[in-house]
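Every number in this text was worked out from the coordinates using simple rules, so none of it is lab data. Since the structure is predicted, the reported quantities are computational estimates derived from the model, not experimental observations. Heads up, the Cβs are rebuilt from the backbone with ideal geometry, glycines too, and the neighbour counts pull from every protein chain shown.
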Amino acid sequence: MPESFTLSKSNKLLYYILLIALIAFSVATLFPFLWMISTSLRTDVDLFKNPSNWFPTSLYLENYKQVWTAIPFAQYFFNTLKLSVIITVLQVVICCMSAYAFAKLKIPFKNVVFILFMANLMMPWHSIMVPQFSVVSNLGLYNTHTGYILIQLFSGFGIFLMRQFFMSLPDELNEAARVDGFNEWQIFWRIMIPLASAGISTLAIFTFTYMWNDYLAPLIYLNDDGLKTLQLGLKAFQTEHTMDYGLLMAGTVLATIPMVIVFLIGERFFIQSVATTGMKN
Amino acid sequence: MSSKRLLNLRSYIPGTLFILPAFALFAVFIFIPLVYGIYMSFTDYGGFNVKANFIGLDNYISLFKDDYFLVSLKNNLIYTVLFVPLTMLLALLAAVALNGVRHLRKFFRMSFYFPYITSMVSIAIVWGLLFNPLSGPVNQILKAVGIANPPEWLMSSKWALLAIVIVAVWKSFGYYMIILLAGIQGIPEHLYESAKLDGANKFQQFIYITLPSLSPTLFMVLILTIINSFQVFDLVSVMTDGGPGRSTNVLVFRIYQEAFINYQMGYAAAMSTVLFIIIMVISLIQFRLEKKWVTY
């Protein structure tokens, strides 16, 4: 790398042009978020008087207070957090168990089952959402958090990702543990899980983000106001308050903040999970 | 049964128990719906406890005479044709540019990737306001650069689909950029060194080394973006509700309306089967061509 960066004068100029272009492009990419924050801090009067002024003249925090009473924001926030956490934990455990079995244990018809599971990666959920809804409602689970949780727990991607991690661990580890009198369950929890923590973090962050942002499945499965998630709440909010720009933007800012936090903590895990997407193909 | 055989069977017990939860979930919530959906598509099932009658191929026959369905299919194809090349081009440019700088790399990578992890609903609401023909920044900028009559975007049946494509490209190019960046960084350095010895400039290096070496990754991104383009729903639902008129009604949105608003579950299942077949065909083409595309 250092070698290729010893640049001549004309190359240096080109390099800085590229750098400036990239900075401009980054700002343009982030503009919708900057505009969202700026608008959330303005009064509606201010907005309609000077629509072309993108920056708030003073900090107006009233929108952030009103958002909690305009819709049951706290309830939606809590529901989303609850569902995302439960699904993430259960999905990670279930994926790890099955991935460990694929990597290290004997399973009848191993290859057939694995191909079936991986075929799920190719098949978009949208193509089975109608009959799946029918199955879930026949089980009496329509309009319940349980039904919504159950449909999210299987993940072909998660099993694939974790299998890669378990396969990279040497078999001697299992054999030594068996000699020491551990059973498979103990080996899994005490030895395998701690060693696979990097993979687990990647999968957990990926799943949590996905669940936090999920919209179509909650739209289909959750009907009662008390069960709804933040994304459904925001959509309903948009329909009711079309003209309350400030209020609307305060709502989207609050709904985005948890993702910003997750992103800043787990940026490298995101990159890793994307790189794995490349690997799997 | 001999004791050896029994011991052999026994060795399968832990593995079977470990895989059981995932297998049960897969069977009940994916495999059964898949099979049941195909059956459903041959019935007039109306949802919940309504009794279904077997009607043979009727749903599939009406599907191809159904204007509304054909419009949604056409819109989806237009969306695919715009979304796929634009996303790939932007992702490739960003990846190559990012690979060529040493300053602020992390900042660039994060700002391009960030839209991908934010929720479709939030950004659809924000972009809905950005695209407002009168007070939105998009048209303010267009007017400022001298376009007197900028489009009405989401309010115009001519421009609404393009507006949705723009948002979708903005949201997802960063994701594909990361995949391509990983691909570029995997190209062996000696290829560039020998090209430099032969007097190739940066552009020639890009055309003769980067692009061919990256072709398997590019092909994969092509398939991923195509498959992705047939799943668009959230942006349509939040930004236009399929309108104005039917101008942004796409495949999954049509399935959603038919199944969960009109309760024509059997008919919607037939549409889902069409979606399933489209995706399967694309995947099969991928399997077929994948090997031929490795060019180095």
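Details
- For segment B:188-281, the fraction of alpha-carbon pairs in successive 10 Å shells from zero, as %: 14, 28, 19, 13, 15, 9, 2
- GNM result for chain A, Cα springs below 10 Å: residue of A:MET167, A:MET123, A:MET211 fluctuating most strongly: A:MET123
- Neighbour-count ranking [beta-carbon atoms within 10 angstrom, fewest first] of B:ILE277, B:ILE166, B:ILE141: B:ILE277, B:ILE141, B:ILE166
- Counting Cβ atoms of other protein chains within 10 Å of each Cβ in B:26-39 and taking the mean gives 6.
- For A:TYR64, neighbours were defined as the other residues whose beta-carbon sits under 15 Å from its Cβ, and their charges (Lys and Arg +1, Asp and Glu -1) total -1.
- Overall form of chain B per C-alpha gyration tensor (a/c, 1.5; a/b vs b/c): oblate
- Residues within the reach of a label modelled at A:GLU175 (point 7 angstrom out along Cα to beta-carbon, backbone nitrogen below 16 Å), restricted to segment A:73-113, are A:104-106.
- Average partner coverage of A:208-217, which counts Cβ from other chains inside 10 Å: 4
- Förster radius 35 Å - calculated FRET efficiency between A:PHE78 and A:PHE182, Cβ distance, rounded to 0.05: 0.30
- With the simple spin-label model, which puts each label point 7 Å out from Cα in the Cβ direction, the B:ALA148 to A:PHE109 separation comes to 7.1 nm.
- Within 10 Å of the Cβ of each residue in A:26-38, the mean number of Cβ atoms contributed by other protein chains is 5.
- Hull-based mean projected area of the protein assembly as shown, where the convex hull spans the alpha carbons, in square nanometres: 32.7
- B:LEU9-A:PHE55 pseudo-label distance in nm [points 7 Å out on the Cα-to-Cβ vector]: 7.8
- Taking 0.36 nm per residue of sequence separation and removing the Cα-Cα distance, the B:LEU191/B:ALA27 pair yields an extension gain of 54.2 nm.
- Take the Cβ atoms of A:ALA236 and B:PHE287, set R0 to 25 Å, and the FRET efficiency comes out at 0.05.
- Distance violations [Cα-Cα > 28 Å] among A:LYS110/B:LYS51; B:LYS106/B:LYS202; A:LYS82/B:LYS51; A:LYS228/B:LYS171; A:LYS235/B:LYS65: A:LYS110/B:LYS51; A:LYS82/B:LYS51; A:LYS235/B:LYS65
- Rounded to the nearest 500, the 222 nm mean residue ellipticity of the protein assembly as shown from helices alone is -22500 deg cm²/dmol, with -39,500 (n - 2.57) taken per DSSP H run of at least 4 residues.
- Whole-number D in µm²/s for segment A:70-280 (Stokes-Einstein; Kirkwood sum over Cα pairs; 20 °C, 1.002 mPa s): 112
- Quotient of C-alpha Rg and 2.2 N^0.38 Å, computed over segment B:62-130: 1.62
- Listed by number, the DSSP H helices of chain B that run 27 Å or longer by alpha-carbon position along their axis and have mean Kyte hydropathy of at least 1.0 are B:67-99, B:160-185, B:265-290.
- On Cα atoms only, tilt of A:73-104 relative to the major axis of chain A in degrees: 30
- Amide hydrogen neighbours beyond the local backbone of B:THR43, cut-off 5 Å, H modeled: B:ILE55
- Ranked list, fewest to most other Cβ atoms within 10 Å of each Cβ, for A:TYR245, B:TYR68, B:TYR36: B:TYR68, B:TYR36, A:TYR245
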